[in-house]
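Every number here is computed from the coordinates shown, using simple stated rules; none is lab data. Here the structure is a predicted model, which means the values were calculated and not measured. Cβ sites come from the backbone with ideal geometry, for glycine too, and all protein chains shown count toward neighbours.
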Amino acid sequence: MLLTKTQISEFASQGFLVLKDFVSAEACDRLRKRGEALVQDFDPKGVVSIFSTREQQNRLADEYFLGSGDKIRFFFEADAFLPDGSLKQSKERSINKIGHALHDLDPIFNSFSRTEKLRILSSELEMSSPLLLQSMYVFKQPYIGGEVTCHQDSTFLYTEPIDILGLWFALEDATIQNGCLWVIPGGHRLGLKSRWVRADEGGMRFEIFDETPFPEAQLVPLEVSKGTLLILHGLLPHKSLPNRSSKSRHAYTLHLVGSDCHYPDSNWLRRSREMPLSGF
């Protein structure tokens, strides 16, 4: 077993686990090198898709984003642009994240994501035959890394019943200064607050179940070292603050979904029939 009974019990009660040194420094560096190479090969001409959780609450998501469930696409930081629409700095220092099918379309990300170790881990957390739903490479750029507001993953990746695991790999040290994750311990027991669903008229809208604000006074920071894996319950409220430091905070995230649950078509992330979800 990879997890002790105490760790399994802790995940059930707290909604998250911190596994230090889960992946090697070499594996982190290999993924970083590949992520940076993808950005170097990316031609941003004509592509201005900005990722911002605050923007998602106030606008219709663009089609470039909504069509990225089975592709590798690039999304900019909100603060990356000058008033005339040009980049303040190089594209390498302007990208917020790459998503959302890295684990299926890139061999380096595929080998990192599909390991026997991760299969065993998900099994020990009672997720049988999980499917790999979504992957993101997150840069959290120095000085302009944007805030991710408090949210639950199941708001955006909803299943019936709820059966989502978020795997967050620290590819660099994550500190309060460069925008580490903050979580509400036990907050997964609050229930689902909302869903982000495709609207009949096009675009997206929020379906609200509980208007009570998250108890953000209970948030605690998870400062972790390179190679750490954070496991997040789909209902766990979490966030990250802006990065105004001189150091980036690269991370890779992978979301698993139970193969026996229903994944509604009203979710934003969709796959073509030519690329169905697959497991480990």
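Structure data summary
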{"read-out": "Cβ-defined net charge surrounding K88, 13 Å radius [Lys, Arg +1; Asp, Glu -1]", "value": "-2"}
{"read-out": "Highest-MSF residue in the chain out of G85, G191, G35 [GNM, Cα springs under 10 Å]", "value": "G85"}
{"read-out": "Dipole magnitude of the stretch 170-280 about its Cα centre (Cβ charges: Lys, Arg +1; Asp, Glu -1), debye to nearest 20", "value": "260"}
{"read-out": "Efficiency of FRET between E147 and K5 - r from beta-carbon atoms, R0 51 angstrom, step 0.05", "value": "0.90"}
{"read-out": "Candidates D70, D84, D29: whichever shows maximal mean-square fluctuation once the chain is modelled as a Gaussian network with Cα springs under 10 Å", "value": "D84"}
{"read-out": "Using θ = phi - 60° and Karplus 6.51 cos²θ - 1.76 cosθ + 1.60, couplings along the stretch 63-76 (whole Hz; Gly, Pro as x)", "value": "5, 4, 6, 5, x, 9, x, 10, 9, 10, 10, 10, 10, 8"}
{"read-out": "Charged-residue dipole, Cβ positions (Lys, Arg, Asp, Glu), the chain about Cα centre, Debye nearest 20", "value": "540"}
{"read-out": "Subset of K91/K247; K33/K88; K97/K239; K88/K247; K193/K226 violating a 27 Å alpha-carbon distance limit", "value": "K193/K226"}
{"read-out": "Under 19 Å from the E223 label point (7 Å along Cα→beta-carbon), backbone N, the stretch 149-183", "value": "170-183"}
{"read-out": "Positive-end extreme of charge dipole, the chain - chosen from G69, T155, M204 (charges on Cβ)", "value": "G69"}
{"read-out": "Label-reachable residues, the stretch 187-202, where backbone N falls under 16 Å from a point 7 Å from E211's Cα toward its Cβ", "value": "193-195"}
{"read-out": "Among L232, L254, L82: highest mean-square fluctuation, GNM of the chain, C-alpha pairs under 10 Å", "value": "L82"}
